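Input: a single structure, listed below in structure tokens.
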Amino acid sequence: MNTYERRNSLLGLEFDRYVREHPEFSERIPDQAQVILLLEGDKEFNSWSMRIGKEQVESGQPVVYVTIKKLGPAHSRIEDLELVTG
């Protein structure tokens, strides 16, 4: 997996979380749309993402461009751990 594929995968996970937490946003996306994720300020990734997204779109399928303007800091969602040493 190259750098852009990893970045797209991470952005896809974050976008999925955002849509689950903001269902009103998902209502604006047409059914069966090809969603192309863009990252503000990253021209190289955006060019790659648009090229790949356009290659994957089917005839007549709506295309939606989503620009991610800001990502919050990454953090763990783990709330409790246990450590056992041998």
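The values are calculated or read from the model by the stated rules, or taken from the named source; none is laboratory data. Note that the coordinates shown come from a computational prediction; the quantities given were computed from them, not determined experimentally. Positions of Cβ are generated from backbone atoms using ideal geometry, with glycine treated the same way; all protein chains shown enter the neighbour counts. Calculation scope for accessible area: heavy atoms of the full protein, side chains included, ligands and nucleic acids excluded. Shrake-Rupley method; radii C 1.70, N 1.55, O 1.52, S 1.80 Å.
Residues that are in contact (Cβ under 8 Å) with a residue 12 or more places away in the chain, under 29 Å from Arg77 (Cβ atoms), acidic (Asp, Glu) and in a helix (DSSP H, G or I) are absent from region 23-30 altogether.
For region 44-83, a residue qualifies if it is open to solvent by 100 Å² or more (accessible area, probe 1.4 Å), of a type in the set (Ser, Thr, Tyr) and either farther than 20 Å from Val19 by Cβ or touching a helix residue (DSSP H, G or I) at 6+ places or on another chain (Cβ under 6 Å) (or both), and exactly one does: Ser59.
Count of region 1-55 residues, restricted to those that are over 13 Å from the mean Cα position of the chain (by Cα) and basic (Lys, Arg), is 4.
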